[in-house]
Amino acid sequence: MWISRLKRVRKTIVVLGIANLAVIVSGGVLTLVSNSNCDSAAQLFPLYAVCVAACVKLAVMVKVGSTQELMAMTIMESPTHYSLERKMKYKTWLWWTRFAMVITLLQFIGATYLMFRVSTFVSPDGLPRHCVLGLSSDTRGWKQTLQVAFLITVCFVALAQCFTGSDILQWRSFYATQDDAWKAHYQEVFDHGIREVLCCLGRREYMGVIEEDEVCSVARLLGDLVSYRASGTGHLEFLAGLALLQNNNQFPESHEDCIEAPAFPLQEAATLHKFAEAAYTGPLLDVGRNPALFLCTWICRQGILTPWSRKWRPKLDGDNWWRGHAAAFLKFIDFPAHVLRRGRICSEKCKATYFVVVLHYLRCVVIAVRGTETAEDLITDGLGRACSLTDEDLEGLTNHIHVMDSSRTHYGHSGIVEAARDLFMQIEGEPKFGESESIGFLSSLIGDGCECDGYSIRIVGHSLGGAIASLLGVRLRSRFPNLYVYAYGPLPCVDSDVAEASSEFVTSIVLDNEFSSRLSYGSIRRLQVAALKVLSQDPKADTALIFRLARRFLSASKRQRQNVVEGEEAIPSSIITVEDSAEAEVREHDEEFINPFHELVASTDNPVTQFMETVPTRGGEEDDEEEAPEMFLPGLVIHIVPEVNNMSVPIWRGWPICDVTSGGYKAYVAKRESFKELMVSPSMFLDHLPWRCRHAMHKVLESRNLFCDLTSEPDIVV
């Protein structure tokens with residue numbers, strides 16, 4: 001039994017355990033053989049401190065190993081069942097590992113103090129003084145050798161423990177290739193990690209939750225996405241697979257056969273984009289636009305420096321005392337205060353921040369929905385499992401029932417559906433009991449004989465806000481026929497039938513390779529399979545290459561960001577160019593690279609193949625539809641791409657940055673099925689920035705001589 005347990009221990013931990021034991025033994029021997037005239041407290045205290053720390057470390061390592069074993073065995077007993085016992089076992093193990101980290105820090109401090117004390121025992125001429133750690137300066141033989149070995153071992157332990165991690169046992173020795181066990185393990189990791197982050201952000205109520213809640217759902221989803229560990233693939237190996245996948249990507253599909261985007265929706269989308277961007281009233285927008293001076297910019301936008309203007313600013317639900325969010329929104333759109341009629345600043349899960357603006361000169365009411373900005377918004381994003389849509393959710397598609405299969409249940413992104421339902425109740429609500437007509441805010445504003453009778457409604461939003469706006473528009477369309485939705489970089493949030501049926505009044509705009517419009521549970525799972533396939537089919541991918549590619553992949557966005565020139569009207573995109581020397585660099589080391597997965601490809605009885613078979617491929621979503629229905633972009637999809645040949649370059653050569661703004665952009669009507677797969681690209685995150693989308697739309701309209709921003713005409717009186 002003990003032998004089987006010892007086999008589970010990591011080899012690096014065995015080495016560190018032996019080293020700590022050597023510190024204890026050698027330190028004890030040095031204490032016993034210390035000279036009587038050199039055994040003062042000042043001489044022996046560093047020795048005692050290091051030995052005691054090593055003893056505590058060994059004891060803690062044993063305790064961490066036992067709690068780790070208990071946690072793993074609890075998960076193995078019921079990997080698919082969420083239990084309080086499993087949660088408590090994980091917390092116990094986590095706190096013991098953190099205590100071990102504290103001991104490691106103390107050992108490092110102790111080793112530093114020990115070496116400092118030794119240096120004080122050396123005279124300026126380099127010769128030792130009378131006593132050094134309990135031994136006189138004239139001591140020779142094995143005692144001096146033991147003393148030197150003790151110092152070397154102490155330094156080795158202090159440094160090595162900083163890089164070995166906190167795990168004592170090998171998780172794989174418990175879970176092996178059991179997919180459910182790995183999912184349950186990472187569900188606990190993500191669940192506790194998310195709660196701690198929320199607690200650090202001031203949301204302490206999440207730490208005390210025992211029952212399953214939205215955080216559990218997000219953690220379960222994230223745990224499913226790390227299930228590639230069951231195939232024997234490490235995190236860095238998976239990153240290397242993504243890097244190789246980017247390198248092996250085919251050239252972007254040609255748009256020669258695509259229809260050019262119609263002018264009217266593109267022009268109106270460009271005109272209204274400022275409202276979607278202005279909805280980011282927190283510091284996030286300023287961090288992206290002005291990284292160096294974001295705090296000053298945000299303080300200026302919030303009107304903190306002009307608190308006397310508070311009484312002239314609209315009062316919004318959830319706004320701060322000086323009504324800073326209203327001030328930030330109005331400052332960005334550059335409109336007077338009276339156009340902002342209603343809004344809510346919210347930091348709760350599945351509840352959206354929104355602003356309602358009335359533009360009399362355009363006879364239009366604009367509803368701007370904010371995208372992801374707070375931790376609760378991330379929870380809403382993470383609730384990516386599909387949920388069924390009710391008849392009320394699809395109320396605006398009753399006239400399009402011929403497009404939809406009425407015998408089927410229709411689905412949507414659960415977090416976005418819940419947020420859209422809450423937002424509908426905020427701005428329109430339901431009739432009171434016994435009443436047949438709605439008494440909501442919109443009806444009181446746009447109804448017959450009201451202030452904005454006959455006005456059109458435009459709902460806009462970016463990212464998460466765009467997806468929520470789309471589902472809100474689907475529900476409101478039957479009540480307000482003159483309603484249109486413009487979603488910029490939205491998340492896939494509805495099934496194919498609903499997406500197609502809403503094409504008449506919903507427009508989704510996607511900039512080049514932005515990740516959010518391709519981000520769904522199914523697309524991430526298929527990306528895992530693609531990365532593992534590429535990694536397994538490349539016989540030249542060894543550990544050294546994996547580390548090199550992973551480092552390049554993680555640092556690419558940072559390097560590109562440093563080369564991007566931020567600006568209001570001239571923001572360049574990036575392209576990837578091919579370097580002929582990249583292939584040569586790989587060929588020079590052909591004989592060195594051996595991929596451990598390569599031999600497994602031909603066999604179907606291996607963890608890699610078994611993992612790939614559990615994930616639906618692009619052509620087989622129908623088989624898995626009941627478990628995970630595919631989500632699509634809602635409405636008409638307009639894809640904006642740069643007018644350049646976006647070539648690929650091997651990731652180990654880095655991503656050169658080129659200015660493509662001189663070539664302009666083109667906008668095409670795209671098939672929503674084209675956005676089912678995540679594109680591994682250096683610009684996949686930067687393309688999601690809202691001001692880049694606005695800049696691209698302006699370029700498209702300028703190339704067609706169509707652009708005219710009606711909301712900024714100087715002779716308009718609002």
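The residues of the stretch 269-396 present an accessible area of 40 Å² per residue when probed at 1.4 Å with all protein chains retained. Peptides 354-361, 459-466 ordered by packing proxy, namely the average of other Cβ atoms within 10 Å per residue, highest first: 459-466, 354-361. Here's the picture: a label point sits 7 Å out from the Cα of LEU706 along the beta-carbon direction, and within the stretch 465-505 nothing has its amide nitrogen under 11 Å of it.
Listed by chain and number, the lysines placed with their C-alpha closer than 20 angstrom to that of LYS666 are LYS699; residues fewer than eight positions away on the same chain are left out. When SER478, SER517, SER414 are compared by accessible area at a 1.4 angstrom probe, the order from most to least is SER478, SER414, SER517. If the chain linking LEU295 and VAL29 were pulled fully straight, counting 0.36 nm for each residue of separation and taking away their Cα-Cα distance, it would gain 89.9 nm.
Among 269-277, 292-300, 319-327, 110-118, the peptide with the highest mean count of other Cβ atoms within 10 Å heads the list, and the full ranking is 269-277, 319-327, 110-118, 292-300.
Can you pick out the pairs among LYS87/LYS676; LYS11/LYS533; LYS11/LYS143; LYS7/LYS63; LYS533/LYS671 whose Cα atoms lie more than 23 Å from each other?
On the way: LYS87/LYS676 35 Å; LYS11/LYS533 30 Å; LYS11/LYS143 30 Å; LYS7/LYS63 17 Å; LYS533/LYS671 26 Å.
Beyond 23 Å between Cα atoms: LYS87/LYS676; LYS11/LYS533; LYS11/LYS143; LYS533/LYS671.
Proximity of backbone amide H atoms, modeled 1.01 Å from N, is registered between ARG342 and VAL356 at under 5 Å, excluding neighbours fewer than 5 places apart on the same chain. Here the 3J(HN,Hα) profile of the stretch 333-344, calculated from phi with Karplus coefficients 6.51, -1.76 and 1.60 at θ = phi - 60°, is 7, 6, 10, x, 5, 6, 6, 8, 9, 7, x, 8 Hz, Gly and Pro shown as x.
Using Cα-Cα distances under 8 Å and only pairs 6 or more residues apart, what relative contact order does the stretch 256-361 have, in percent?
Taking the mean separation of contacting Cα pairs over the length of the stretch 256-361, I get 21 percent.
For LYS11 and VAL102, the FRET efficiency from 1/(1 + (r/R0)^6), where r spans their Cβ atoms and R0 equals 25 Å, is about 0.55. Under 11 Å from the 7 Å Cα→Cβ point of GLU205, by amide nitrogen: which residues of the stretch 306-347? Once the point is set 7 Å along Cα→Cβ of GLU205, 347 turn out to lie under 11 Å by backbone N, inside the stretch 306-347.
The values are calculated or read from the model by the stated rules, or taken from the named source; none is laboratory data. All of these numbers come straight from a predicted model, not from anything done at the bench. Counting neighbours? That spans all protein chains shown, and the Cβs are built from the backbone with ideal geometry, glycine included. Remember, those area values only see protein heavy atoms, side chains included, never the ligands or the DNA or RNA. Shrake-Rupley method; radii C 1.70, N 1.55, O 1.52, S 1.80 Å.
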